[in-house]
Amino acid sequence: MLRSLSLLLVCILVWSLPVGAQEASQPSGTISVTQDGRGDMAIERRIEAIIAELDGYDGVGVSVREGIVTFTGEVLDSESIPRLDELAARVDGVVAIENDVTESTDVAQRLDPVLDRFKSRMSQVVDYLPLLVVAILAGALVMMLGVALARWQAPWRRLAPNAFIADIYRVVLRLVFVLAGIVVALDILNATAVLTGLLGAAGIVGLAVGFAVRDTVENFIASVMLSLRQPFRPNDYVDIEGSAGSVIRLTSRATILLDADGNHVRLPNSFVFKGKIINYTRNAERRFSFVLGIDPNDDLAEARRIGLDTLAGLDFVLAQPAPQVWIKEAGDSTVSMEFLAWINQHDSSYPVARGEALRVVMAALTQAGIGLPEPSYRLNLVGGGLPVIDLPDAEKRAQALVVSEEDTPASPPPTAEDVTADTTIERMVEEERRVTAGDDLLSHAAPSE
């Protein structure tokens, strides 16, 4: 195995040798039977005269004998070696070519051309300095014009639906004028070909950066879309994928809510844009519901009538849409009956209204003798000497728990003032919006979904 690897390395080294060490390209055609010294001398002089006019062949010697051209010496560039073979093959009378020229490894010889090129380029830079200054001034003038137009806020406020989109317009305008300034400067220098390389490099870098900051870009695009088509307004009570609260503001990065406990909830705009949004404030009318278990031995129709009359008699319950009561399902020991009614949530507090309606309906059903039993179970323990315990049935338990109407004082029904909506959270939201008025993308002028 080691011997095979050694042979492979030797082959690679031989293959990588300079061209002069490999087989030279030879001239084709028939070989003349006559050859003299004058012909060899003429060939030698001709080849020497040609290579003397070429750069990089000062250390190359030429000798010709019987039409065979032999090159000796050193060159600085390995690519110059095969050019000697091509040149000699084109000279009439050449029979074969022996190219023994090698690449020079002398440090001083190899550095001399580098220094010459550096001096030449420095001289070109000095010659181009006046034109370079003009190009820089022209490009800077174009860029400054774009910055001045971007700072002019009046037209952007008319074109953009909100301040965030206006800022985007200004940034895009500045970038356009920056690119235009670069193009003008390169055109003055007659170096517009450089722009293609710059744009290609910028595209590759932009693609790499785009993958690296994908989440940031997604959040930015979501901010733009939310600011254009606003699904909520300031102080709207919303539920976004389980996060409920009143909307404080919409920034370029997140949506800020204030929950019922007064805590700030910050949601990334990409999450808000893709999530399910329930806006409770958009429609003033809101329905509440609750379920009560009715004794199946009682009159269910009478229980339904009492529930409807009780809900309809509440001041905060809307007449239209009218309250509704229906049997939801029949259980093992109770019949579930659902009670529904509508309120104006701008005037009434939803949780308070629902709680008061539940309390009043339960009291009305109890006073009418309609049982509201809990689910009952019979536990029979057999074996092991344990006694059998019979739990009281629903009728006995109801008789033990029901209090007569004479012993229970009647509580007055709630009024609209009792369920007035609490405005504490709204005041807190308005105060914070007043303090941070400049950092908000919500606008009543923008279209709403």
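Rule-based calculations on the coordinates, nothing more; no lab input. Please read these numbers as outputs of a predicted model, since none were measured by experiment. Virtual Cβ from ideal backbone geometry, glycine too; neighbours counted across all protein chains shown.
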Report summary line: Rounded to the nearest 0.05, FRET efficiency between T281 and L141 (Cβ-Cβ, R0 45 Å) equals 0.30
Report task. For G371, enumerate residues with amide H under 5 Å from its amide H, sequence gap 5+ or separate chain, H modeled in the peptide plane. Result -> D295
**Report entry** Fewest-first sequence of S227, S336 by Cβ atoms within 10 Å of each Cβ
**Finding:** S336, S227
Report task. Estimate the FRET efficiency between A49 and S120 by the formula 1/(1 + (r/R0)^6), using the beta-carbon distance for r and 22 Å for R0, to the nearest 0.05. Result -> 0.25
Query - Positive minus negative residues near V125 (Lys, Arg vs Asp, Glu; Cβ under 13 Å) - result: +2
Report task. Consider a paramagnetic label point 7 Å from the Cα of L300 along Cα→Cβ; state which residues of segment 312-326 have an amide N under 15 Å from it. Result -> 325-326
Query - Computed FRET value (nearest 0.05) for L173 with E430, which takes r as the C-beta separation and R₀ as 30 Å - result: 0.30
Report task. Calculate, in nm to one decimal, what D77 and D215 gain on full extension: separation in residues at 0.36 nm each, minus their alpha carbon distance. Result -> 44.5 nm
**Report entry** Stretch gain in nm, segment L199-L267, where the contour uses 0.36 nm per residue and the Cα spacing is subtracted
**Finding:** 20.8 nm
